[in-house]
Amino acid sequence: MIRRDPEMSGGGSSSRQPKYRRIADELKSAIASGAYGPGDRLPGENDLMAAHGVARMTARQALSVLQSEGITEARKGAGVFVRSFRPIRRRGSRRVAQQQWGTGRSIWAADAEGRDVGVDLLSVTEEPAPDAIAVVLDVEPGAAAWVRRRRYILDGKPVLLATSYFPGGLVAGSAITREDTGPGGVYARLAELGLGPVRFREEIRSRMPTADEADQLHLTAGAPVVLVCRTAFTEEGHAVEVNEMTLDANSYVLEYDFDA
């Protein structure tokens, strides 16, 4: 399926591309055409070296391009395969709408859209609020906060780590401090306390993962993460939750709706 890539001449832009990039583009075209489907093994380094007459480093770079773009995944001792995992479309505004949690449906269920989902509750603890979190929650540095840490799994794959902080004095004794928060999750419980969120703010950035994040999310080498920090505000403008999320960048499409 992969033909020899001859040396190119002329002034076209493709002739100025590095060889590894041209090989990567050809592999991507083969995947897009269906020549290689989800779960199929791609030609390995030796195959590409023979087919294209290139050095091992060039073949390795070509395969790395596809892996860094989330198109393929490397399996130790087996080769490089077309990813079969379908990305999650995270609809930033609709997923936190009151008609979701207000009717007992979890935000995570809105993301999953009927797929196989799971949540690992890593811990629920009362601990001093970090300085940056204390500023947002408008509490004294070191004041007690209830902290919920979770790992979300979709179709058997870890895709998200989340740590939520709540003002300790506001949620003490509520279901937010228990393992099972009940239908609608923490926002429904906040509403029962008269602290239902009516506005959210999200800040987004990206970086490479820490060693712990890469381990918990089962990330391959070179895979980045997206950081989303969401703050929930009451009608009076008080922050009642700060949720710091770490997303596997290759597993998500972030979608936001805006009015003109």
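The values are calculated or read from the model by the stated rules, or taken from the named source; none is laboratory data. Keep in mind that this is a model prediction, so the values were computed, not measured. Quick reminder, even Gly has a Cβ in these numbers, built from the backbone with ideal geometry, and neighbours come from all protein chains shown.
Listing for the model above:
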{"read-out": "Residues being surrounded by fewer than 19 Cβ atoms within 10 Å (Cβ to Cβ), farther than 16 Å from Leu137 by Cβ and not hydrophobic (A, V, I, L, M, F, W, C) - total across region 175-200", "value": "8"}
{"read-out": "Within region 236-255, considering residues that are outside any strand (DSSP E or B) and in contact (Cβ under 8 Å) with a residue 40 or more places away in the chain, the one surrounded by the most Cβ atoms within 10 Å (Cβ to Cβ)", "value": "Ser251"}
{"read-out": "Residue that is surrounded by the most Cβ atoms within 10 Å (Cβ to Cβ) [pool: residues in region 66-93 that are under 24 Å from Arg21 (Cβ atoms), modelled with pLDDT of 80 or more and of a type in the set (Gly, Ala, Ser)]", "value": "Ala74"}
{"read-out": "Some residue of region 208-224 being touching an Asp or Glu at 6+ places or on another chain (Cβ under 8 Å) and over 20 Å from Arg83 (Cα atoms)", "value": "no"}
{"read-out": "Exclusive hit being in the same structural domain as Leu219 (by TED's automatic domain parsing), modelled with pLDDT of 90 or more and surrounded by fewer than 19 Cβ atoms within 10 Å (Cβ to Cβ), set Val159, Val117, Val136", "value": "Val136"}
